[in-house]
Amino acid sequence: MNFREKLARFFYGRYGSDQLNLFLMILCMALLFIAFFLPAVPSYILRGASTLIMILAILRIMSRNVDKRRRENAVFMKILFAVKSFFIRQFNRVRYIKTYRYRKCPGCKNHLRFPYKKGEHDVRCPRCGRDFHIKL
């Protein structure tokens, strides 16, 4: 049996890489970059944290507990989606400031977009159906 077959047999059943591992690797590189270029920050702390994050990422890649790693990645993706949605919503608020206004529904806290027409308006939330009053 040659080396390639041995390597394939070793990695069979391992989890591999996913979005959480990619994030951990980027975080590790960012900490190393900061430790290298900012002498005011104690570099040994940042290098130690970077090493621990790298070890965690490698252990996740080599893990045979695939279900647990998938659940971890699903939680990470849910958090990442929430953070991305927040920043996209803030960007759109600035981008469309002349044409739209954004308000929260008092019932379900859903973010709603209204055309910018000055005055007072009665609106209905499409998600929960609650009627409420807004002033633009």
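The values are calculated or read from the model by the stated rules, or taken from the named source; none is laboratory data. Nothing here was measured: the structure is a model prediction, and the numbers come from that model. Cβ: placed from backbone, ideal geometry, glycine included. Neighbour counts: every protein chain shown.
General remarks:
- Residue check: Gly13 meets all listed conditions (1) closer than 13 Å to Ser63 by Cβ; (2) surrounded by 13 or more Cβ atoms within 10 Å (Cβ to Cβ) but one, namely (2).
- Those residues of the stretch 102-136 which are closer than 18 Å to Ser85 by Cα and touching a residue at least 24 places away in the same chain (Cβ under 8 Å), in sequence order: Arg103, Cys105
- Summed over the stretch 80-103, the residues that are loosely packed, with under 13 Cβ neighbours inside 10 Å, farther than 30 Å from Leu24 by Cα and of a type in the set (D, E, K, R) give a count of 2.
- Test for His121: is it out of contact with any Asp or Glu (no Cβ under 9 Å at 6 or more places or on another chain), outside the structural domain of Phe10 (by TED's automatic domain parsing) and over 30 Å from Phe11 (Cβ atoms): yes
- Failed condition for Ala49, given (1) without any contact (Cβ under 8 Å) to a residue 12 or more places away in the chain; (2) in the same structural domain as Ser17 (by TED's automatic domain parsing): (1)
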